[in-house]
């Protein structure tokens, strides 16, 4: 069942009780004349013309907005020919939990407040995916770097069954880390050749004896994206960004858009020229990813960077790549992804995530801590007023770990 359907009906009901007049997306005054079981009748004040919009289409538009969380006025043409009137209605429907943003190009966007969190680090772990899915996750981030060599039957079925939104990351950071690790090992190799076999664990070229890390090519990445976009398995894909090379990152953005036919989520690194981000904002992307902050050491340095970004671009939707510290509770991010929910297993110390930073519940198992972290981060999507409500329980509730449906796919 659609996880947003109950919220759709609730939001529609609240709206009908509150309003009778509103402004369209183009700023024209309209009055709601009457509402029947199947239609809403609206009169334009300036022309006195009365039009009707199907309530079914209104509900579909509300539901769509919950799913995507940000919409342009023209996107609503898929639900009604009166997209401006419908945009005005949705502005009222979501009045208490959204804001409107007019882009530099003059396009009007409606954005739901709150943060959608995409849980990452689980491309190779079906059990972890089940754990986060069954404990409230609405978004999952998967890495192409890891998925490309995995049988689709090990991850596609549970993703489709879950109904989660999937953000596909290129895995550029994983590739970067692997490359850095290899460089360090090559330094060791020069000093301790006799211990080469102990230090090299990447794929080896048997003929030359050299160590190889398989690169990510635009062609390979774009083919993968096209396949799973068509299947509806992934919903967004991130540009193949290059650490320390903003020009190559911009080139990859352009090439992927050409190859796939759908724009990737652009990435701006903290150390790239701010003029690059100015250009991205001008292009009216649904949201822009902020990356590379893992190399921006210190919470204060990250905070200063985000303060500059959000003060310079009020209303623009930003995704924090690999972010889940307490800064996530301080800034109005549109979305974020991270592996932080898995820290309890990595550290084995009962680490849980709170708005004030990390805490510890050593009496909980690692599974209980992970499940709690999933609930905390998932709840950000509905923290519309910026106030986080989930309290730390005295005793942990039962963890939901039922397996998801199993399906077989032919690829």
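The values are calculated or read from the model by the stated rules, or taken from the named source; none is laboratory data. Here the structure is a predicted model, which means the values were calculated and not measured. Every residue, glycine as well, gets a Cβ built from its backbone with ideal geometry; the counts of neighbours run over all protein chains shown.
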Just name the residue that is modelled with the lowest pLDDT out of those in the stretch 347-374 that are surrounded by fewer than 21 Cβ atoms within 10 Å (Cβ to Cβ) and in a helix (DSSP H, G or I). 347
Check whether at least one residue in the stretch 269-277 is assigned by TED's automatic domain parsing to the domain that holds residue 167, assigned to a loop (DSSP other than H, G, I, E, B) and under 19 Å from residue 171 (Cβ atoms), and report yes or no. no
Identity of the residue in the stretch 304-326, touching a helix residue (DSSP H, G or I) at 6+ places or on another chain (Cβ under 6 Å) and modelled with pLDDT of 95 or more, that ends up surrounded by the fewest Cβ atoms within 10 Å (Cβ to Cβ): 313
The correct count of residues that are modelled with pLDDT of 90 or more, assigned to a helix (DSSP H, G or I) and either surrounded by fewer than 17 Cβ atoms within 10 Å (Cβ to Cβ) or in contact with a strand residue (DSSP E or B) (Cβ under 8 Å, 6 or more places away or on another chain) (or both) in the stretch 328-346 is 6
How about the stretch 279-322: which of its residues are within 13 Å of residue 265 (Cβ to Cβ) and outside any loop (DSSP other than H, G, I, E, B)? 280, 288, 289, 290, 291, 318, 319, 320
Being in contact with a helix residue (DSSP H, G or I) (Cβ under 7 Å, 6 or more places away or on another chain), surrounded by 14 or more Cβ atoms within 10 Å (Cβ to Cβ), closer than 23 Å to residue 335 by Cβ and at pLDDT 95 or above narrows it down to one of 168, 175, 218, 229, so name that one. 168
Residue 88 vs. criteria outside any helix (DSSP H, G or I) and modelled with pLDDT under 95: no
All but one of (1) under 14 Å from the mean Cα position of the chain (by Cα); (2) in contact (Cβ under 8 Å) with a residue 40 or more places away in the chain; (3) closer than 14 Å to residue 338 by Cα hold for residue 113; which doesn't? (3)
Name the single residue that is surrounded by the fewest Cβ atoms within 10 Å (Cβ to Cβ) among those in the stretch 77-108 being in contact with a helix residue (DSSP H, G or I) (Cβ under 7 Å, 6 or more places away or on another chain) and within 16 Å of residue 21 (Cα to Cα). 92
